[in-house]
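The values are calculated or read from the model by the stated rules, or taken from the named source; none is laboratory data. Quick caveat, the model's predicted, so the values are computed rather than measured. Neighbour counts run over all protein chains shown; Cβ positions are idealised from the backbone, glycine included.
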Amino acid sequence: MSSSEQVVSTNNGGGAQDAATQPIDLAPGRQGRVVIFAPSPELTITIEDHADAGDIHIHAGGQGVWQARMVRALGAEVTLCATFAGETGKVLQHLLDDEGIDFVAVKRPGLGAAYIHDRRDGERKAIIESAGDPLSRHDLDELYGIALREGIESDVVLLSGPAGDNVLSPDVYRRLASDLRQHDCTVVVDLAGDRLDAALEGGVDVVKLSHEELLDDGRIENDDPDEIVAAMRRIRESGCDTVIVTRADSPLLMLTGDTVVQVAAPKMEIVDTRGAGDSFTAATAVGLARGLSIKEAVVLGASAGALNVTRHGLGTGDAASIHTFSKLVKVSPHDSGSDAEVGSTAAGPATDEIEISPDELAQLAR
C-alpha cells in the first residue's frame, strides 16, 4: 500500500480584485492553463532587515512554486503537481492555499525541502538548506500519474526541477516528456544537466536555461555568444524545437529552427536577481498557453523577468506593469560575434538602450 495521499486544492484566490490589479488579457477570449510539475516545493524562511530586529518572512518557494506564482499573477489558470513531506509539507499546503495557487498534492512522510536565508545586510546568505528526502517509488508513481492527468487537460506543461539532485531520477523527465508529447501536449522545460538531457531524449517543445548552467554543464567553455549559439544548436538537435538561453544582464538568445534572435529588456535597478529566470519561463509559458507566437511569448517572458529583479518577492509581478513594460522589449537578429542590439522591437522601431528607475516604471504603468 502506498504511504502517499493525493490532495486536491482548488482556490480562486478569494475576494474581488481591485481594478488596478486586474490581470491584462493578452489573448482576448483565452485565459490559458499551465500545469507545473514541481517534485519538491520548499518552505522558505527569509530574514530581512528591520528597525528593531530581524523581520522574518515565511513563504512557499522552490522553482515550480515561483513559476506558479507568476502564472497566476498574469491571470492564467495554473495547477501545481507536487509532493509535500512532513511538517514543512503541511505548512506549504496552507501557504499555497492562502496565495490562491491550485495544487494537486501527494502527501508523504519524511523530510521536505526547506531553507533559511539571511538578507539583513542586503546580500542573501544561506543559514541552512535542505533538499528533503528522495521520493519513494510509490510517491513517484502517484506524482507521475497526476502530472499526466492534469497535463493532458492543459495548454502548456512546464517541467521544473527538484530542490536537490537526489530527489528523483533524471529519467523521470524523459518518460514524462515523451508521454505528454504523445498526447499532443506543449512541453516547456527549465532544466539543466542530466535532467535536461533526459527530457531532450523524450522530446520537448521549448528549453530554457542560463549561460551559467551551460558553463556548469560543460556545454560551453566561455560566454562568447557564438559558442553559446553552437551549444544551442546541439541542444535543439537533441530533441526540441526552441532553445532559449538567458545571459544575466545581456540580451537573451533564442534559437527557433535555424533562426537566432536576441531579446533585450531595459535594464532595471536590481533588488534581487533570484527568481527572475523562473518569472521569465512562467510568463513565456503563459504566452504560449494563450496562443501567442514563440517570439511574442518570449517578449512577455523577458518583461516579467526584468521586472522581477526590482521586487523582493520571488516570482511575483503586476500584470499591468508586465504587459506595459513588454512594449519596451527589443527583438533583433543575432549577428555572429556581436551583441549589437539592432532591428525592431515588439512595439516599433529600435531604440537606444534604456535604463528605468522604479519611479519611472510606475509612471509608465500608469
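Which condition number in (1) surrounded by fewer than 19 Cβ atoms within 10 Å (Cβ to Cβ); (2) at pLDDT below 90 is the one that Glu77 fails?
For Glu77, the exception is condition (2).
Among the strands (runs of 3 or more DSSP E) contained in region 155-245, which hold 2 or more residues that are among the charged types (D, E, K, R)?
204-210
Mind listing just one residue for me: the one in region 57-111 that is part of a helix (DSSP H, G or I) and charged (D, E, K, R) and, of those, farthest from Ile152 (Cα to Cα)? First the steps, then the outcome.
Initially, region 57-111 is screened for residues part of a helix (DSSP H, G or I), giving 63-73, 86-99.
Checking the rest, the ones that are also charged (D, E, K, R) come to 69, 72, 87, 90, 97-99.
Values: Arg69: 21, Arg72: 20, Glu87: 31, Lys90: 28, Asp97: 24, Asp98: 27, Glu99: 25 Å.
That would be Glu87.
With the checklist (1) touching a helix residue (DSSP H, G or I) at 6+ places or on another chain (Cβ under 6 Å); (2) modelled with pLDDT of 55 or more; (3) not aromatic (Phe, Trp, Tyr) in hand, flag the one item Ala347 doesn't pass.
(2)
Collect the residues in region 165-187 that are hydrophobic (A, V, I, L, M, F, W, C) and closer than 14 Å to Ala147 by Cα, keeping them in residue-number order.
Val172, Leu176, Ala177, Leu180, Cys185, Val187
Looking at Gly110, Gly164, which is the one that is touching a residue at least 24 places away in the same chain (Cβ under 8 Å) and at positive phi? First the steps, then the outcome.
Values: Gly164 fails: at positive phi.
Only one candidate passes the filter, namely Gly110.
Out of the residues in region 123-154 that are in a loop (DSSP other than H, G, I, E, B) and in contact (Cβ under 8 Å) with a residue 40 or more places away in the chain, which is nearest to the chain's Cα centre (by Cα)?
Filtering region 123-154 down to residues in a loop (DSSP other than H, G, I, E, B) leaves 123-124, 131-136, 153-154.
Subset that is in contact (Cβ under 8 Å) with a residue 40 or more places away in the chain: 124, 131-133, 135-136, 153-154.
Working: Arg124: 20, Ala131: 19, Gly132: 21, Asp133: 23, Leu135: 22, Ser136: 26, Glu153: 20, Ser154: 17 Å.
Looking at the filtered set, the residue picked out is Ser154.
Given the criterion surrounded by fewer than 21 Cβ atoms within 10 Å (Cβ to Cβ) and either under 18 Å from the mean Cα position of the chain (by Cα) or among the aromatic types (Phe, Trp, Tyr) (or both), identify the matching residue among Ala199, Ala163, Ala248.
Numbers: Ala199 fails: surrounded by fewer than 21 Cβ atoms within 10 Å (Cβ to Cβ); Ala163 fails: surrounded by fewer than 21 Cβ atoms within 10 Å (Cβ to Cβ).
When all the criteria are applied, what remains is Ala248.
When region 214-234 is examined, which residues are found to be under 20 Å from Val187 (Cβ atoms) and surrounded by 22 or more Cβ atoms within 10 Å (Cβ to Cβ)?
Met232
Can we say Asp223 is at pLDDT 95 or above and among the acidic types (Asp, Glu)? It would help to see each step written out before you state the result.
Details: at pLDDT 95 or above: no; among the acidic types (Asp, Glu): yes.
No; evaluated as a whole, the condition is false for this residue.
Considering only residues of region 106-122 that are of a type in the set (A, V, I, L, M, F, W, C) and over 19 Å from the mean Cα position of the chain (by Cα), which is surrounded by the most Cβ atoms within 10 Å (Cβ to Cβ)? Even if it seems obvious, please write down each step before you answer.
Filtering region 106-122 for residues of a type in the set (A, V, I, L, M, F, W, C) gives 106, 111, 113-114, 116.
Adding the requirement that they be over 19 Å from the mean Cα position of the chain (by Cα) leaves 106, 111, 116.
Values: Val106: 27, Leu111: 14, Ile116: 17.
Taking the candidates together, the pick is Val106.
With the requirement that a residue be modelled with pLDDT of 90 or more, within 22 Å of Asp224 (Cα to Cα) and among the polar types (S, T, N, Q), what does region 235-286 give you?
Ser238, Thr242, Thr246, Thr256, Thr259, Gln262
Any residue in region 205-228 that's in contact (Cβ under 8 Å) with a residue 24 or more places away in the chain: show its pairings with residues that are surrounded by fewer than 19 Cβ atoms within 10 Å (Cβ to Cβ) and assigned to a strand (DSSP E or B) at Cβ separation under 6 Å, as long as the two are six or more apart or on different chains.
Qualifying pairs under 6 Å: Asp205/Asp241; His211/Arg247.
Could you grab the pairs with beta carbons closer than 9 Å, sequence gap of 6+ or different chains, first residue in region 50-75 and at positive phi, second one acidic (Asp, Glu) and modelled with pLDDT of 90 or more?
Gly62/Glu42
Pick from Arg234, Arg247: which is over 19 Å from Ile294 (Cα atoms) and basic (Lys, Arg)? Reasoning before the result, please.
Working: Arg247 fails: over 19 Å from Ile294 (Cα atoms).
Answer to the selection: Arg234.
Just give me the residues in region 287-314 being at pLDDT below 85 and in a helix (DSSP H, G or I), in sequence order. Before the answer, list the steps.
Going residue by residue through region 287-314, those that are at pLDDT below 85 are 305-314.
If the condition is that a residue be at pLDDT below 85 and in a helix (DSSP H, G or I), then Gly305, Ala306, Leu307, Asn308 are the ones that fit.
Within region 123-145, take every residue that is surrounded by fewer than 21 Cβ atoms within 10 Å (Cβ to Cβ) and of a type in the set (A, V, I, L, M) and give me the one that is nearest to Asp171 (Cα to Cα).
From region 123-145, those surrounded by fewer than 21 Cβ atoms within 10 Å (Cβ to Cβ) are 123-131, 133-134, 136-138, 140-141, 144-145; that's our starting set.
Cutting the leftovers down to of a type in the set (A, V, I, L, M) gives us 126-128, 131, 140.
Values: Ala126: 30, Ile127: 32, Ile128: 29, Ala131: 19, Leu140: 12 Å.
Residue satisfying both the conditions and the ranking: Leu140.
Taking Val260, is it within 20 Å of the chain's Cα centre (by Cα) and under 25 Å from Ser303 (Cα atoms)?
no
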